[in-house]
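The values are calculated or read from the model by the stated rules, or taken from the named source; none is laboratory data. All values reported here derive from a predicted model rather than from experimental measurement. No Cβ is skipped: glycine too gets one built from the backbone with ideal geometry, and neighbour counts run over all protein chains shown. With ligands, DNA and RNA removed, areas are computed over all heavy atoms of the protein, side chains included. Shrake-Rupley method; radii C 1.70, N 1.55, O 1.52, S 1.80 Å.
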Amino acid sequence: MPEPGADILVVASREPVALEVWVPLEEAGHRVRTVADGLAAITELKRQLPDVVVAEWEAPGLDGRGLCEAVRGDPELRDTHVIVMTSSARAERAAEALEAGADDYLATPFEQTELLARVRAGRRTSQLRASEARLRALMANVPGAIYRCAPDREWTMELISDEIERISGHPPADFIDSAVRTFASIIHPDDRERVENAVFEACKARRPFVLEYRIQHADGDARWVLERGQLVHGTNGRTWLDGAIFDISARREAEEERRRREAEQARVAELRASRARIIEAADAARRRIERDLHDGAQQRFVAVALQLRHLLSRLQKTAPDAALLLEDALDELQRATDELRELARGIHPALLTERGLVRAVEALISRLPMAAKLHEAPKERLPQPVETALYYVIAESLTNACKHADASAVTVDIGCAQGRAWAVVADDGVGDARMTEGSGLGGLSDRVEALDGRLTVQSPPGRGTTVRAEVACD
Amino acid sequence: MRLVVAEDSLLLREGLVRLLEEAGFEVVGQAGDADELIRKALAHKPDVAVVDVRMPPTNTDDGLRAALEIRRQAPGVGVLVLSAYVEEAYAHELLADGAAGVGYMLKHRVADLQRFTEAVRRVGEGGSALDPEVITQLMRGNRSPDSALAKLTPRELDTLALMAEGRSNLGIAEQLVVTDRAVEKHVRSIFSKLGLDAVPEDHRRVLAVLRYLRGDSG
Ligand SMILES: Nc1ncnc2c1ncn2[C@@H]1O[C@H](COP(=O)(O)OP(=O)(O)OP(=O)(O)O)[C@@H](O)[C@H]1O
Ligand SMILES: [Mg+2]
């Protein structure tokens, strides 16, 4: 099978020699450049690396030896395949040439076929070298440890790249031929059996494997690694494992962290939901109690008062003394009815359910013993839990403003936008309010937080108090 | 005077009916829920429907809604709404189309026989009857300084509040312990300050009360 042509640099000071090499090579389909001496050859090599260099051993200026030594000493040129032409009359030259770093030699005079054969072989070697160089570069640059090891329980390493030192804390040489330690010995004891089984199964099924497991770093900590590998069959019947090991501790930690965070968020959400359920249940109970009072005791009081009035109108004619007593009793009953009514209203304002937050707050304000103003209020009704929470915050804040603030004015704002609803109650009183556990305001923060909200109190001494509750509302 | 009485508590309804009949009213229909009330009120066209706010079916403000419905469909039927609480918001809804033939009172006032029957009668005659507590609430709500009401003297405000309760000049005079001539003077002054001089007397009273209740700034 004809191979594609190779790039060849011929170094020959004498025209006939140059021709003798150049012509057959070009005829064979190679691309040939020629230079007259070693120095020119170095310059040309630096300009563009050929597959093969064919050079005279004896030359003026920089001769074959000089050229070989210069090539081998230069890291960029080092891998170039150099064939030296030496006189067959002086056999020792061949040894000298190889000694100086030549890869091969041609004894002059030579047959064309031999020239072509040597060049072809040289080119193959140089290609192999190039691919090895690439592999080395790969091994050095890939962000993981590349390895080749025997398919045994020890993972006896034939080669493993330097990255393993960063991953495990042990130098790669430790693992080569298991010189200091086996690779198996650094796999975390809890993961060892799993890794062994997985690799065994994959090899048996001739599948590549991908594993995540822990290794023990020299510093004593565990590190997470990801390994990809595969059983490889060589030409000579040998088998080995080729693969790469990557440090994924950072990713694992991030995942772990994310899982922890998600679990925490789920816990907080559940807590909030259960708090919301508790508050919702309590609110439902309050609505029920208010209704029971209204339909039960309150109605009965009125009915009894009616009956007593009947009795009174009779007694007034027949027993005026008794009528006076009864009148007192009726007054007392009246006060009891009033108290019961205010109690029921405090337990749950019916208006809140029937006409919504804004009307309920307006009613609250109209019963307040001080001037208060509702500035802004949404036109639509808000979800019941939101209205209830904001109502109690406003009610408590207004009560506080009357009780503690010594204020001349208090304002209320209610708003709702972009999935949030809020209420702000601000007075211009003495300030210095403190939210304390268990008291009026403190008790409301639970209610607000259950709706993914926040209750804040700003109350600089002497500069009024602003209570703000903001909750989720969708 | 013909009445329909709507109240879901049987005990109370019986008591109310007996009381009203003893006071000389004719109770032509009784209702235990809002639908029955509307049906009977529209059928009997009574002078007054006495209505409890909280009634079935939902036991919230069904009675109030029914009262508004009756006013819309049969403007000649007066409504006297009774409630365990009086709410400014409900007062505004009831008074939206005028105070004539409208009453709104705390339920337990029914035990004050004279006051209650008086209220029923006033509503039946096309007047109004508002609970003093409603008035107090509305008054508190109307403190805005740019209101035309701000021009009224305290005495005129008292007079207007009593007008809102539905009282006649004579009734107001008794309550304020002044002569009815003095009340007439206050009333004239109120009409003039509210810009109602040109309006006929009956209408004027209602408008003044309405303006007062709504806290109009005009
Ligand atoms: N608007 C305010 N102006 C000035 N001080 C205030 C104001 N609101 C609250 N405070 C102060 O903060 C304290 C805590 O208020 P909070 O409502 O939590 O309790 P409380 O009103 O004393 O008791 P409770 O509400 O349980 O009847 C009050 O005792 C008062 O000293
Ligand atoms: Mg408080």
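Here is how the numbers come out for the structure above:
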| item | result |
| --- | --- |
| Members of region A:433-465 that are near ligand 1 (Cβ under 9 Å from one of its atoms), in contact (Cβ under 8 Å) with a residue 24 or more places away in the chain and β-branched (Val, Ile, Thr) | A:Val457, A:Thr465 |
| Qualifying residue in region A:223-244 (condition: of a type outside the set (Gly, Ala, Ser), open to solvent by 40 Å² or more (accessible area, probe 1.4 Å) and closer than 30 Å to B:Glu14 by Cα) | no |
| Residues of region B:108-128 classified as within 14 Å of chain A (Cβ to nearest Cβ) and either surrounded by fewer than 19 Cβ atoms within 10 Å (Cβ to Cβ) or of a type in the set (Lys, Arg) (or both), total | 6 |
| Test: A:Tyr147 is buried (at least 17 other Cβ atoms within 10 Å of the Cβ) and in contact (Cβ under 8 Å) with a residue 60 or more places away in the chain | yes |
| Number of the condition not met by B:Gly166 [criteria: (1) surrounded by fewer than 15 Cβ atoms within 10 Å (Cβ to Cβ); (2) touching a Lys or Arg at 6+ places or on another chain (Cβ under 6 Å)] | (1) |
| Selection status of A:Val52, crowded, with 21+ Cβ neighbours inside 10 Å and within 52 Å of the chain's Cα centre (by Cα) | yes |
| Qualifying residue in region B:15-26 (condition: part of a helix (DSSP H, G or I), of a type outside the set (A, V, I, L, M, F, W, C) and more than 11 Å from chain A (Cβ to nearest Cβ)) | yes |
| Only one of A:Ala405, A:Ala401, A:Ala395 that is in contact with a Gly (Cβ under 6 Å, 6 or more places away or on another chain), modelled with pLDDT of 90 or more, closer than 15 Å to A:Ala426 by Cα and more than 10 Å from every other protein chain (Cβ to nearest Cβ) | A:Ala405 |
| Of all residues in region A:390-413 being over 15 Å from A:Leu364 (Cβ atoms) and open to solvent by less than 50 Å² (accessible area, probe 1.4 Å), the one that is farthest from ligand 2 (Cβ to nearest atom) | A:Ala409 |
| Residue check, B:Gly124 at positive phi and either in the same structural domain as B:Glu7 (by TED's automatic domain parsing) or at pLDDT below 80 (or both) | no |
| Tally, over region A:176-208, of residues that are open to solvent by less than 50 Å² (accessible area, probe 1.4 Å) and touching a Lys or Arg at 6+ places or on another chain (Cβ under 7 Å) | 3 |
| Qualifying residue in region A:160-173 (condition: at positive phi, acidic (Asp, Glu) and in a loop (DSSP other than H, G, I, E, B)) | no |
| Only one of A:Gly38, A:Gly73, A:Gly66, A:Gly29 that is farther than 24 Å from A:Ala117 by Cβ and exposed (fewer than 13 other Cβ atoms within 10 Å of the Cβ) | A:Gly73 |
| Positions within region A:19-73 being closer than 14 Å to A:Thr86 by Cα and of a type in the set (Gly, Ala, Ser), in sequence order | A:Ala55, A:Ala59, A:Gly64 |
| Residue check, A:Pro60 in contact (Cβ under 8 Å) with a residue 40 or more places away in the chain and assigned to a loop (DSSP other than H, G, I, E, B) | yes |
| Filter result for A:Glu376 (touching an Asp or Glu at 6+ places or on another chain (Cβ under 7 Å), open to solvent by 40 Å² or more (accessible area, probe 1.4 Å), more than 16 Å from ligand 2 (Cβ to nearest atom) and free of Cβ contacts under 8 Å to residues at least 40 places away in the same chain) | yes |
| Single condition B:Thr58 does not satisfy, out of (1) crowded, with 16+ Cβ neighbours inside 10 Å; (2) of a type in the set (Val, Ile, Thr); (3) over 19 Å from B:Ala96 (Cβ atoms) | (1) |
| Top-ranked residue in region A:355-364 [being on the phi < 0 side of the Ramachandran plot and open to solvent by less than 20 Å² (accessible area, probe 1.4 Å); ranked as nearest to the other protein chains (Cβ to nearest Cβ)] | A:Ala363 |
| Among the residues listed as A:Arg275, A:Arg309, A:Arg291, the single one being under 60 Å from the mean Cα position of the chain (by Cα), at pLDDT below 90 and over 19 Å from A:Gly346 (Cα atoms) | A:Arg275 |
| A:Pro75 vs. criteria closer than 24 Å to A:Leu135 by Cα and not aromatic (Phe, Trp, Tyr) | yes |
| Residue satisfying all of: in region A:320-347; more than 11 Å from chain B (Cβ to nearest Cβ) and under 13 Å from A:Leu306 (Cα atoms); least open to solvent (accessible area, probe 1.4 Å) among these | A:Leu326 |
| Residues satisfying the stated conditions in region A:441-464, i.e. hydroxyl-bearing (Ser, Thr, Tyr) and assigned to a loop (DSSP other than H, G, I, E, B) | A:Ser459 |
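A quick yes/no check of all residues on (1) over 16 Å from B:Pro132 (Cβ atoms); (2) without any contact (Cβ under 8 Å) to a residue 40 or more places away in the chain; (3) within 14 Å of chain A (Cβ to nearest Cβ):
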| position | (1), (2), (3) |
| --- | --- |
| B:Ala43 | yes, yes, no |
| B:Ala49 | yes, no, no |
| B:Pro56 | yes, no, yes |
| B:Gly63 | yes, no, yes |
| B:His92 | yes, no, yes |
| B:Leu106 | no, yes, yes |
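Results for (1) within 13 Å of ligand 2 (Cβ to nearest atom); (2) away from every other protein chain (no Cβ under 14 Å); (3) over 14 Å from A:Ala389 (Cα atoms), shown as yes or no for each residue.
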residue: A:Gly419; (1), (2), (3): no, yes, yes
residue: A:Gly431; (1), (2), (3): no, yes, yes
residue: A:Arg434; (1), (2), (3): yes, yes, yes
residue: A:Gly442; (1), (2), (3): yes, yes, no
residue: A:Arg447; (1), (2), (3): no, yes, no
residue: A:Val457; (1), (2), (3): yes, yes, yes
residue: A:Arg463; (1), (2), (3): no, yes, yes
residue: A:Thr466; (1), (2), (3): no, yes, yes
